[in-house]
Amino acid sequence: MHALSRLAFWLVGLLLAIPAGAVALAIGVLNDPAARETIARIGLAAFAAVFRIAAAGGDPAPVVETLFVGFWMLATVLVVAPVTLASAVGEIAGARSLVLYSGLAAALTAAVPWIARGGAGEAAAMPAEGRLTAILFVTGAVAGLVYWAVSGRSAGRPTRGPDHAGPGSGPRP
């Protein structure tokens, strides 16, 4: 029965942590000039491609589907996967530590770009790359914090109170 309740806590925690991470990511991206410009250029290019295909009499549905799938995959990799992995590790370990849930989710989220390019980086990162890493770190930290607040604080084995401490645990004469 404990495993079923932990599964429910895990799912509810993720259902609240993922949107919190997405909001943190959106706020971070919208407050960074380089990221904001990149998003605007990508959006404009996507709109132009869809409009150009539609104006030529073609069907823009495949392009729209491709854009939607790409956005979905990006959101999954940046927001869903890190907090899900961090919460699974914490639940399996029975940890109740804010540092584990928030820190692991933050580290995993911030490491996504570095992992995606195979860990090969230049000697000096560009300033925009450092800001993006900070935005991703905060995104993971927020998602991990929300998960911990909802589910992580009660992770692990159920604690036994003094009434259920077991035989021979009462006061000694």
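The values are calculated or read from the model by the stated rules, or taken from the named source; none is laboratory data. Keep in mind it's a predicted model, so treat the numbers as computed, not measured. Positions of Cβ are backbone-derived with ideal geometry, glycine not excepted, and every protein chain shown enters the neighbour counts.
Brief remarks on what is shown
- Top-ranked residue in the stretch 1-59 [being of a type in the set (Phe, Trp, Tyr) and surrounded by 13 or more Cβ atoms within 10 Å (Cβ to Cβ); ranked as modelled with the lowest pLDDT]: PHE9
- Residue match in the stretch 9-26 (condition: of a type in the set (Phe, Trp, Tyr) and farther than 22 Å from ALA141 by Cβ): no
- Single unsatisfied condition, LEU98 versus (1) at pLDDT 95 or above; (2) touching a Phe, Trp or Tyr at 6+ places or on another chain (Cβ under 7 Å); (3) not polar (S, T, N, Q): (1)
- Single residue of ALA35, ALA8, ALA49 found to be more than 16 Å from GLY144 (Cα to Cα), more than 22 Å from the chain's Cα centre (by Cα) and assigned to a helix (DSSP H, G or I): ALA49
- A single entry from ALA86, ALA95 fulfils the requirement of being touching a residue at least 60 places away in the same chain (Cβ under 8 Å) and part of a loop (DSSP other than H, G, I, E, B): ALA95.
- Of the residues making up the stretch 11-24, those that are more than 10 Å from the chain's Cα centre (by Cα) and not small (Gly, Ala, Ser) are LEU11, VAL12, LEU15, LEU16, VAL23.
- Exactly one residue out of THR84, THR66 is surrounded by 14 or more Cβ atoms within 10 Å (Cβ to Cβ) and of a type in the set (S, T, N, Q): that is THR84.
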